[in-house]
Amino acid sequence: EVEDILGREPIKPIKSLLSKNVVDKNILVTGAGGSIGSELSRQIYKLKPKILVLYELSEYSLYKIDYELSQMDLNVQVVSVLGSVQHETRLDMIFKKYKINTVYHAAAYKHVPMVESNPCAGVYNNIIGTYNLAKQSKLNKVDTFVLISTDKAVRPSNIMGATKRFSELILQMFNSEEDCSTVF
């Protein structure tokens, strides 16, 4: 059990805080088919957003999470979109079409050995992809943007951690802009 290795008592979620950015809102989850994105999608779905847009690069991963959610049948509109956070025009279209209120950004390359072996892909996806998504969130006046990051970004000792840290800095930059209504 996760509690066995946590080293502290688990903290119970506060339902009102979880619901604040989800209930009756239009939600975008990037990387929705990945290990973190799919769990986010399950939890968000149970909170009953108005629309849940699953955004994923992998067709099979997108199919799996879409099918799983359809079996829950909670009367939530789920839209599955194949796409990459690297494609800014596609992101803009999604924001405009679905009038997104909240973004949960889990689309990132997270496996250290893969990013170490493919640094350009890691940089482009994790940094440029985050920048594109944040920029479109700001331009489309999204209410809230949540970056799913990692403890490896605190003091990065590898390329993956450095790309995630850079992503955090991008969001801090957007959040500090005076003309920005999005909370990053």
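The values are calculated or read from the model by the stated rules, or taken from the named source; none is laboratory data. In this text, all values refer to a predicted model and were calculated from it rather than measured experimentally. Neighbour counts run over all protein chains shown; Cβ positions are idealised from the backbone, glycine included. These accessible areas exclude ligands, DNA and RNA; they are computed on the full protein's heavy atoms, side chains included. Shrake-Rupley method; radii C 1.70, N 1.55, O 1.52, S 1.80 Å.
List of remarks:
- Placing +1 on the Cβ of every Lys and Arg and -1 on the Cβ of every Asp and Glu, with nothing else charged, gives the range 88-169 a dipole about its Cα centre of roughly 240 debye.
- Stokes-Einstein diffusion of the range 1-49 at 20 °C, 1.002 mPa s viscosity, Kirkwood radius from Cα pairs, rounded to a whole number: 173 µm²/s.
- When the alpha carbon gyration tensor of the range 33-106 is reduced to an equivalent ellipsoid, the three semi-axes, largest first, read 19, 15, 10 Å.
- Taken about its Cα centre, the range 7-102 carries a charge dipole of roughly 460 debye when the Cβ of each Lys and Arg holds +1 and the Cβ of each Asp and Glu holds -1.
- 3J(HN,Hα) couplings calculated from phi for the range 134-143 with the Karplus curve 6.51 cos²θ - 1.76 cosθ + 1.60 (θ = phi - 60°) are, in sequence order, 5, 4, 5, 4, 5, 4, 9, 6, 5, 5 Hz; Gly and Pro show x.
- Most positive-pole-ward Cα, 163, 176, 84, against dipole of the range 77-184 from beta carbon charges: 84
- Proximity of backbone amide H atoms, modeled 1.01 Å from N, is registered between residue 79 and 52, 53, 54 at under 5 Å, excluding neighbours fewer than 5 places apart on the same chain.
- Between residue 79 and residue 42, the modelled label-to-label distance comes to 2.5 nm, taking each label 7 Å out from Cα in the direction of the beta carbon.
- Virtual paramagnetic centre 7 Å along Cα→Cβ of residue 158, amide N under 16 Å, in the range 95-138: 108-123, 126
- Assigned charges on the beta-carbon of Lys, Arg, Asp, Glu; the chain dipole about Cα centre (debye): 400 debye
- With the largest listed first and rounded to whole Å, the semi-axes of the equivalent ellipsoid of the range 122-184 from the Cα gyration tensor are 22, 11, 9.
- For the chain, the normalised intensity computed at q = 0.09, 0.13 Å⁻¹ comes to -0.32, -0.68 (log10 of I(q)/I(0), Debye sum over alpha carbons, equal scatterers, no solvent).
- Residues 41, 80, 181, ordered by accessible area of protein heavy atoms at a 1.4 angstrom probe radius and largest first, appear as 181, 80, 41.
- Among 2, 70, 49 - extreme Cα towards positive end, dipole of the range 1-81, charges at beta-carbon: 49
- Probing with 1.4 Å while keeping every protein chain in the model, the per residue accessible area of the chain equals 57 Å².
- Helix-only [θ]222 nm of the chain, DSSP H runs n ≥ 4, -39500 (n - 2.57) each, per residue, nearest 500: -14000 deg cm²/dmol
- Amide H contacts of residue 183: 144, 145, each under 5 Å away and 5 or more positions distant or on a separate chain (H built 1.01 Å from N in the peptide plane; Pro and chain starts excluded).
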